[in-house]
Amino acid sequence: MSTVITGASGHLGRLVVDQLLAGGTPPAQIVATGRDVDKLTDLARSGVTVRRADFADPLTLDDAFAGADTLLLVSTTTVGERFDNARNAIDAAARAGVSRIVYTSIVNASTARMTLADEHRRTEEYLRASGSEFVILRNGWYLENYTDQLPMITQYRALLGSAHDGLVSAAGRRDYAAAAAAVLTQDGHLGATYELGGPAFTLTELAATISDVLGTPIAYQDMPVADYTAALTAAGLPPEMAAAVADADAGLARGELFTAREDLVKLIGRPATTVREAVQNAATAEETR
Ligand SMILES: NC(=O)c1ccc[n+]([C@@H]2O[C@H](COP(=O)([O-])OP(=O)(O)OC[C@H]3O[C@@H](n4cnc5c(N)ncnc54)[C@H](OP(=O)(O)O)[C@@H]3O)[C@@H](O)[C@H]2O)c1
């Protein structure tokens, strides 16, 4: 019995491996994969099996998934390649005899119109039609999407966006990782689609929280999607990513990143990280850097 974690060289996959180990899963039952296995050497030292898996190269997937019964399929990063990547992984899992696949999708994947939802929706449809047993984790926005911007936000004393007064149900990567670890280790989740997100806030409320925690006035500056795209590009984001992020804010404004469901709290058995906690933690980490 072993569980393959893809994207273990990235933030979310790594947190899932850490939480499985912390929860008592024997290292020998975990296969941690990524394209760059050099990032996984410490896991190999702790007894976790490490294998190279590149979704663009299906032969690597056959080797990576061999002998596993469960796959955590963490969506890949490059917009436009994510569906093909996931399809390759689902096909390889079938060839390898993997009996269940847990896929990290996006909240409201079946109804959201934002560009980022499209490949997740197609992947979910492909997975449902694949005949494999599955669990779909529709992850909401990461709080880190905002806290990673703190240095820039404080520098310009402004939080930029195109979200109007839309609500975002964000949670920390650690919360989503805990949800993944729960469905990987507990019975009773097969066939479920979970809408995951933390306590909702508007970007005006986020700016007020940042102001309060840092003791510096920060304003939320709402702008048209084209202007926000240009600002993100000027800040160094690749143009396609800048366009996708600004388009996601338009989706946020339409309510596409909001969920009232309590699936995350139920799965992890505790409240999700609040935006105030996330800002406080990030500010403390910034001070001690
Ligand atoms: N909910 C949100 O707010 C939000 C925000 C950002 C991203 N996401 C999604 O959530 C996923 C996980 O988030 P994260 O923070 O862990 O991202 P991350 O730190 O960038 O990690 C991405 C992982 O995907 C792997 N990967 C990318 N392309 C691959 C390919 N062709 N074949 C095999 N592995 C590949 C990377 O492997 P290498 O180390 O080998 O490159 C890395 O391990 C992202 O990939 C993205 O789809 C969600």
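The values are calculated or read from the model by the stated rules, or taken from the named source; none is laboratory data. Owing to the predicted nature of the structure, the values given are computational and were not obtained by experimental measurement. As a convention, Cβ positions derive from the backbone with ideal geometry for all residues, glycine included, and neighbour counts pool all protein chains shown. These area figures cover heavy atoms from the full protein model, side chains too; ligands, DNA and RNA do not enter into them. Shrake-Rupley method; radii C 1.70, N 1.55, O 1.52, S 1.80 Å.
Side notes on the structure shown:
- FRET efficiency for residue 94 and residue 190, using Cβ-Cβ distance with R0 set to 22 Å, rounded to 0.05: 0.85
- Given +1 at the Cβ of Lys and Arg, -1 at the Cβ of Asp and Glu and no other charges, the dipole of segment 167-289 around its Cα centre is 320 debye to the nearest 20.
- Antiparallel bridges, percent of DSSP beta bridges restricted to the chain (to nearest 5): 5 percent
- Dipole of the chain, positive end: most advanced residue of 197, 162, 33 [Cβ charges, Cα centre]: 33
- Segment 1-69-segment 155-169 distance, computed between alpha-carbon centres (Å): 36 Å
- Each Lys and Arg adds +1 at its Cβ and each Asp and Glu adds -1 at its Cβ; summed about the Cα centre, the chain shows a dipole of about 460 debye.
- Percent of Cα pairs exceeding the 33 Å cut-off, where the set is the chain: 23 percent
- For residue 258, the amide hydrogen comes within under 5 Å of the amide hydrogens of 169, counting only partners 5 or more places away or on other chains and with H modelled in the peptide plane.
- Kirkwood Rh and Cα Rg combined as Rg over Rh, evaluated for segment 136-289: 0.99
- Highest-first arrangement of 217-225, 66-74, where packing means the average Cβ count within 10 Å: 66-74, 217-225
- Residue of 11, 120, 189 that the Gaussian network model of the chain assigns the largest fluctuation, springs spanning Cα pairs under 10 Å: 11
- Taking every protein chain into account, the accessible area of segment 25-130 amounts to 44 square angstrom per residue (probe 1.4 Å).
- Share of carbon and sulfur in the accessible heavy-atom surface of the chain [1.4 Å probe, %]: 51 percent
- A 1.4 Å probe run over segment 195-275, with the rest of the protein chains in place, finds 45 Å² accessible per residue.
- Where labels lie 7 Å past Cα in the beta-carbon direction, separation of residue 221 and residue 46 in nm: 4.2 nm
- Hydrodynamic radius of segment 1-110 per Kirkwood, over alpha carbon pairs, in Å: 13.8 Å
- Built amide H within the under 5 Å cut-off of residue 198, gap 5+: 170, 171
- Pairwise centroid distance, computed over Cα atoms, of segment 108-144 with segment 233-289, Å: 17 Å
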